[in-house]
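Worksheet for the structure shown next.
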Amino acid sequence: DECHHYGSNLFSQIFENEFEKKLGLSATPEREKDHEGTGKIIEGIGPKIFELNHLDDPKAIPNFVIWSILVKLTEKEQNEYEENSFEIFKLNKYISSKHSINPEDEDYFKKIKELAEKKDPAALKLLSLWSKQSGIKYQAENKIGLIKEIISMEKSSKIIIFNERIKFTERIYEELDR
């Protein structure tokens, strides 16, 4: 599942193994702005053989509503986020001057990943800070109460909660299972 991750240099190494059968699932199998990575997936798993879109057969996928709700960070999370942001700013400035790359370039993230693969300390630190920054947002403490509130408002509905972090998703489950 989530086979689009296997287009990265690190995860595509799985295709060096021999498998009798392969099945890749993803809502987004083409990697955005990464044709090379998409090619690795096709080479490793094979071409897309089936796609289902809610517009193709509206009865196949029930009607759904996607809610994106901004959640206020706690004071501690906000401080950590701001500190990270400042460190990211400084590293972007340092890397762009050292390697003559611009953070506003479309392929900046790809260039940072390439530098990190060459063990560039600044690029490795930047990737770490980006991950930490995402973690602050994906695991914001105030999400738990909001999720409980939404569920209590929508008791007669089926709800799927998506989250990027497994441990936080498990915590949500534990909180809801009480």
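The values are calculated or read from the model by the stated rules, or taken from the named source; none is laboratory data. The shown structure was predicted, so the numbers you read here are calculated from the model rather than taken from an experiment. Positions of Cβ are backbone-derived with ideal geometry, glycine not excepted, and every protein chain shown enters the neighbour counts. Side chains included, ligands, DNA and RNA excluded: accessible areas come from the protein's heavy atoms. Shrake-Rupley method; radii C 1.70, N 1.55, O 1.52, S 1.80 Å.
Of note:
- Exactly one residue out of GLN133, GLN139 is touching a residue at least 40 places away in the same chain (Cβ under 8 Å), surrounded by 11 or more Cβ atoms within 10 Å (Cβ to Cβ) and within 22 Å of the chain's Cα centre (by Cα), and it is GLN133.
- The combined condition, being more than 20 Å from the chain's Cα centre (by Cα), open to solvent by 100 Å² or more (accessible area, probe 1.4 Å) and modelled with pLDDT of 90 or more, is not fulfilled by GLU18.
- Within the range 136-145, at least one residue is assigned to a helix (DSSP H, G or I) and of a type in the set (A, V, I, L, M).
- Annotation note: Cβ proximity below 8 Å between a residue of the range 54-68 that is farther than 15 Å from ILE159 by Cβ and a residue that is open to solvent by 100 Å² or more (accessible area, probe 1.4 Å) (sequence gap 6+ or interchain) occurs for HIS54/PHE64.
- Test result for LEU126, closer than 22 Å to GLU75 by Cβ and among the hydrophobic types (A, V, I, L, M, F, W, C): no
- Leading residue by the ranking (farthest from HIS5 (Cα to Cα)) among those in the range 161-178 that are part of a loop (DSSP other than H, G, I, E, B) and free of Cβ contacts under 8 Å to residues at least 24 places away in the same chain: ARG178
- Hits in the range 28-83 (condition: among the basic types (Lys, Arg) and either part of a loop (DSSP other than H, G, I, E, B) or within 29 Å of TYR6 (Cα to Cα) (or both)): ARG31, LYS33, LYS40, LYS48, LYS59, LYS72
- Note on the range 91-101: among residues that are free of Cβ contacts under 8 Å to residues at least 12 places away in the same chain and surrounded by 13 or more Cβ atoms within 10 Å (Cβ to Cβ), the one that is nearest to SER12 (Cα to Cα) is ILE101.
- Residue list for the range 149-160, filter: outside any loop (DSSP other than H, G, I, E, B) and not small (Gly, Ala, Ser): GLU149, ILE150, ILE151, MET153
- Residue match in the range 148-160 (condition: in contact (Cβ under 8 Å) with a residue 12 or more places away in the chain and hydroxyl-bearing (Ser, Thr, Tyr)): no
- Among residues of the range 111-125 that are in contact (Cβ under 8 Å) with a residue 12 or more places away in the chain, none has a beta-carbon under 9 Å from a residue that is of a type in the set (Lys, Arg) and in a loop (DSSP other than H, G, I, E, B) at least six positions away or on a different chain.
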